[in-house]
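Visitor: One structure, as structure tokens, below. Some questions next.
The values are calculated or read from the model by the stated rules, or taken from the named source; none is laboratory data. Note that this is a predicted model, so its numbers are computed, not measured. Glycine also receives a Cβ, built like all others from the backbone with ideal geometry; neighbour counts cover every protein chain displayed. The area values use the complete protein model at the heavy-atom level, side chains included, leaving out ligands, DNA and RNA. Shrake-Rupley method; radii C 1.70, N 1.55, O 1.52, S 1.80 Å.
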Amino acid sequence: MLHEWIGLDGFNRLSDRQAMHALYECCASSIWARRVAQGRPFESRDLLLDRADRVLAELPEAEIDHALDGHPRIGGKADNPSSKREQAAVTTAGTEVREKLAAGNRAYEDKFGHVYLVCATGRSAEDLLAILEERLDNDAETERRVLRVELAKINRIRLGRMLGPEQ
């Protein structure tokens, strides 16, 4: 992330364009980034996080698909620093687990038409595989609800990293 540890005051002082860019680093939805940025200035971290959650909940499904474009496959090649950090446990997993994750990712994408998204922070590769296998039993509607919850968790973690420690 380019905008790491900028603090709430620093975020509030960014230009509209800079704020949208910082938010886009957290979630690859330009609509989400724009709508969250429009809530500035935020008086507290909690107000920013609450707005981020509300905006995400209101996004149409097509825009959620754009947000998913910013997330590589679990166990695949992470193409940004946030994903690399979040999926760190997968890189050290054994070959069997990585192969099962790859097969599970393919099955998931075949069934649901999009990448398997899960908040990977602090979870082992084995945990991520078990969650994937469990979620393969979901119907499409249930899975979209679960996916939004996971995306909100990821956004909150990334927003926290953008802001840095609470003071």
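Visitor: Given the residues ALA93, ALA103, which is the only one that is at pLDDT 95 or above and more than 21 Å from ILE64 (Cβ to Cβ)? Working first, answer last.
Guide: Numbers: ALA93 fails: at pLDDT 95 or above.
Just a single option satisfies the conditions, and that option is ALA103.
Visitor: It is to be established whether one or more residues within the stretch 138-149 are crowded, with 18+ Cβ neighbours inside 10 Å and free of Cβ contacts under 8 Å to residues at least 24 places away in the same chain.
Guide: No - not one qualifying residue is present in the stretch 138-149.
Visitor: Check SER29 against each of (1) under 15 Å from ARG158 (Cα atoms); (2) touching a residue at least 60 places away in the same chain (Cβ under 8 Å) and name the one condition it does not meet.
Guide: (2)
Visitor: Residues that are open to solvent by 40 Å² or more (accessible area, probe 1.4 Å) and more than 30 Å from GLU133 (Cα to Cα): which helices (runs of 4 or more DSSP H) entirely in the stretch 1-102 hold 2 or more of them? Talk me through it step by step, then tell me what you get.
Guide: On the way: elements: 7-13, 16-26, 30-37, 45-58, 61-68, 81-86, 88-91.
Hits in the stretch 1-102: 7-13, 16-26, 30-37, 45-58.
Visitor: Which of the residues that make up the stretch 122-137 are without any contact (Cβ under 8 Å) to a residue 40 or more places away in the chain and crowded, with 16+ Cβ neighbours inside 10 Å? Step through it out loud before you land on a result.
Guide: Quick first cut of the stretch 122-137, residues without any contact (Cβ under 8 Å) to a residue 40 or more places away in the chain only: 122-124, 126-127, 129-131, 133-137.
Of everything in the stretch 122-137, those that are without any contact (Cβ under 8 Å) to a residue 40 or more places away in the chain and crowded, with 16+ Cβ neighbours inside 10 Å turn out to be ARG123, LEU129, ILE131, ARG135.
Visitor: Restricting attention to the stretch 75-85, does a residue exist that is free of Cβ contacts under 8 Å to residues at least 12 places away in the same chain, acidic (Asp, Glu) and within 22 Å of LEU23 (Cα to Cα)?
Guide: For the stretch 75-85, residues free of Cβ contacts under 8 Å to residues at least 12 places away in the same chain, acidic (Asp, Glu) and within 22 Å of LEU23 (Cα to Cα): present.
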